[in-house]
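The values are calculated or read from the model by the stated rules, or taken from the named source; none is laboratory data. This structure is a prediction, so every number in the text was calculated from the model and none was measured. Virtual Cβ from ideal backbone geometry, glycine too; neighbours counted across all protein chains shown. Side chains are part of the model used for accessible areas, which takes the heavy atoms of the whole protein and leaves out ligands, DNA and RNA. Shrake-Rupley method; radii C 1.70, N 1.55, O 1.52, S 1.80 Å.
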Amino acid sequence: GASFHVEEKLSAGERISIRQGGATVGTWRIGIVPDKAPEIRFGAPPKATARLALEVRYAASDDYGVTRVLMEIRRENSDEVVQIDLPLVTTAPKTAGDTSFHDLTAHPWAGLPVSLRLVAQDALNQTGASEDVKIVLPERVFTHPVAQALVEQRRELSIRLDTKMRVARALAGLSLAPEAFNRDLVISLGLGVASARLRHDHRPAAVPSVQELLWDMALRLEDGDMSLADRSLRDIQRALQEALARNAPDAGSEQLLQE
């Protein structure tokens, strides 16, 4: 009842005074300290590991704490940007640095030249960015002829969207030689579904869904079910790494470990 409260965001000034009528009730000297944007850089040039994962090392800093670190991947002559969050070891550290590994061999851009950029964010959503680094994303090498053809058609869909009809015809042509994929019914059905979807589904999500299907078929031809199991394992490992970084409850981390 006898107390008063006021809030105001200050961006300039050296003194706060309270006046009542013509008298000064109280005065305080202050200093405004600006919240600078964070800084981030590559700790080492990004590179492919022996298992074809992309190794990314970063170093970031902020005067009040880094709240988020991510990597942006861009292709030349394309507005599309892929963002990947990088782990922070602690919550809002003033200095942060880590090395993370990312299996991007399943991404449609694998094998294509891209630009990588690191971005750091603080609590005010101010951002700082690193310099761009150009690399070729690591890609998996397939030995099965049909798997090679599927991956090549998949890449064509990434380079030029106006090739949908040509890729649809190529997939339909592959289905006419079932002996090339040991008459695998799953592959035969997949080729038919992918070709039909490219011809008749005009939604933006159609092409990425077909690319995912082509990748799964290529893995099946090359390794059987083992590659699919390996991909699931890497997904769970990534989820566990993120859970540990954000101090998730022990029960959730334990479940991921069991999986």
Criterion first (open to solvent by 60 Å² or more (accessible area, probe 1.4 Å), outside any loop (DSSP other than H, G, I, E, B) and either out of contact with any Phe, Trp or Tyr (no Cβ under 9 Å at 6 or more places or on another chain) or touching a residue at least 12 places away in the same chain (Cβ under 8 Å) (or both)) does ASP98 satisfy it?
no
Identity of the residue in segment 118-144, among the hydrophobic types (A, V, I, L, M, F, W, C) and open to solvent by less than 60 Å² (accessible area, probe 1.4 Å), that ends up farthest from GLY224 (Cα to Cα)
ALA120
Could you list, in sequence order, all residues of segment 45-54 that are part of a strand (DSSP E or B), among the hydrophobic types (A, V, I, L, M, F, W, C) and either free of Cβ contacts under 8 Å to residues at least 24 places away in the same chain or open to solvent by less than 20 Å² (accessible area, probe 1.4 Å) (or both)?
LEU54
Picking from VAL82, VAL69, VAL6, VAL89, the residue that is free of Cβ contacts under 8 Å to residues at least 60 places away in the same chain, loosely packed, with under 13 Cβ neighbours inside 10 Å and β-branched (Val, Ile, Thr) would be VAL6
State which residue is farthest from VAL82 (Cα to Cα) when the search covers only segment 145-188 and only residues that are open to solvent by less than 80 Å² (accessible area, probe 1.4 Å) and part of a loop (DSSP other than H, G, I, E, B).
ALA177
How many of the residues making up segment 55-78 are in a strand (DSSP E or B) and at positive phi?
0
